[in-house]
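Have a look at the structure below before the remarks.
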Amino acid sequence: MDRETLIKKWLNHSLTEAEMEDFKSLPDYDELVSLNEGLMSLKAPNFNKDLVWNEIRERTQKNKVRLLWYKTAISIAASVLIGFGLLFFTNIFDLALSTSSGESLSVTLPDESAVLLNANTSIHYARVNWSSDRSVHLIGEAYFKVTKGNHFTVRTDLGNVTVLGTEFNVVNRRGIFEVMCYEGSVSVSSDHNEIILTPGEGYRLINGSPLQLKTITTAPTWIENESSFNQWPLHFVLDELERQYDIRIDDSQIDSQQSFTGSFTHTNLELALKTVLTPFDLTYTKEQNQIVLVRE
């Protein structure tokens, strides 16, 4: 498939998984994604194609071939607005929401499905096309309560989750993809596997290695201000501490590949650090928001 067709289908959110891989292999894929992020921040009533194009031209004037495709992408997006007389985008640029460190956010989707975003998480979806395409793109971690209807899909760079109506949690962070099902059934597909999960079952993919999981909880513990882990690499647990407390952790002096099973609170940093570090005979020094881990 030629490049222009791939870009058009990407803008219309209609790429198949195979076409998405072809799109990702384009030499200017990163720049197109950056354009996506920039357009998501625009409010459609104030959309000015010439201003946006001039901005891109000034930043990328050294590569005229790529500029041509950026201009094509902007023109397509603008034509959608003009052709349908809409005040907002009808593609994946439509609405983006995100959280910062230590924050969570409750979101109600157009069909009344509920999403709770964990810290440092973002989603985006198309409001106008929602009835025909219930899909959300996720980076980070979120808990979903999906109303019944046609297929609902959570898309990530490591795998997709498809349901009709259920409750489930999805993690998509730094090479880790995990899905836990709490109600109904969940279909999980990735390059490595395709599996159906029922309540209490989970699936995890870490650096290409799949693992099936079990849980006895009825919802993820993080929604109650406690992060829980079952055989997670310690470095991921430390990353989560950083996200929940807006701190920076230096683990260069320890082995952060060790496996951790346990939990920590989101309301007391000293207690959280002690809970995570004590099993490994680790301690730390602290200066402002910088934590340095050392072995006792």
*Probe 1.4 Å - accessible area at E21, Å² to nearest ten*: 100
*Where only protein heavy atoms count, and the probe is 1.4 Å, what is the accessible area per residue for segment 126-232 in Å²?*
46
*Over segment 121-206, with every protein chain in place, what whole percent of the accessible area is carbon and sulfur at 1.4 Å, could you tell me?*
47
_Please report the antiparallel percentage of DSSP beta bridges with both residues in segment 135-205, rounded to the nearest 5._
90
*asked:* Could you put I247, I139 in order of accessible surface area, largest first, with the 1.4 Å probe and the full protein assembly present?
replied: I139, I247
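What does the C-alpha gyration tensor say about the overall shape of segment 111-255? Classify as rounded when a/c is under 1.5, otherwise prolate if a/b is larger than b/c, or oblate.
prolate
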*Ignoring everything but the protein chains, give the 1.4 Å probe accessible area of L164 in square angstrom, nearest 10.*
100
*Mean separation of Cα contacts under 8 Å (6+ apart) over length of segment 87-177, as relative contact order %*: 23
*Dipole magnitude of segment 186-296 about its Cα centre, charges +1 at Lys/Arg Cβ and -1 at Asp/Glu Cβ only, in debye to the nearest 20?*
180
*May I ask you to rank M20, M1 by accessible area, largest first, using a 1.4 Å probe over the protein chains only?*
M1, M20
*Could you order T261, T147 so the one with the most accessible surface comes first? Probe is 1.4 Å.*
T261, T147
*asked:* Using a 1.4 Å probe on the protein heavy atoms only, what accessible surface does Y29 show? Give it in Å² to the nearest 10.
replied: 60
*Which shape class applies to segment 136-176: rounded if a/c is under 1.5, otherwise prolate when a/b exceeds b/c and oblate if not, where a ≥ b ≥ c are the square roots of the Cα gyration tensor eigenvalues?*
prolate
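The values are calculated or read from the model by the stated rules, or taken from the named source; none is laboratory data. As the structure is a computational prediction, the values presented were derived from the model and not from experiment. Every residue, glycine as well, gets a Cβ built from its backbone with ideal geometry; the counts of neighbours run over all protein chains shown. We work out accessible area using only protein heavy atoms, side chains counted, and drop any ligands, DNA or RNA first. Shrake-Rupley method; radii C 1.70, N 1.55, O 1.52, S 1.80 Å.
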